[in-house]
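Please read the structure below before turning to the comments.
Read-outs: derived from the displayed coordinates by stated rules, not from any lab. None of the values given here were measured: they were computed from a predicted structure. In this analysis, Cβ positions are derived from the backbone assuming ideal geometry, glycine residues included, and neighbour counts consider all displayed protein chains.
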Amino acid sequence: MSRVVRVDEEALEVALQYGKNLSVGIMKMEEMLKKQEKAKRDYTNIEEMVRRAVREELEMLTARY
């Protein structure tokens, strides 16, 4: 299905940097945003794991003294 849409020329230029036409460019940008969001979630999970490990180590050290 296709539609006629009005797009700012600058926005069209940006989309065409990612694909051969507006639709392909938008889909590629969406794919990249999803990957970026997934990487951000993965980083947050790793950060939380490191914090938990440090907290556990500190608790063990303080329990000794």
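Between ALA11 and GLU47, residue separation times 0.36 nm minus the direct Cα-Cα distance comes to 9.4 nm. Straight Cα distances below 24 angstrom link LYS20 to the lysines LYS28, LYS34, LYS35, with same-chain residues fewer than 8 positions distant left out.
Within the chain, the longest run free of trypsin sites (Lys or Arg not before Pro) that sit in a DSSP loop with at most 15 other Cβ atoms within 10 Å is 21-65.
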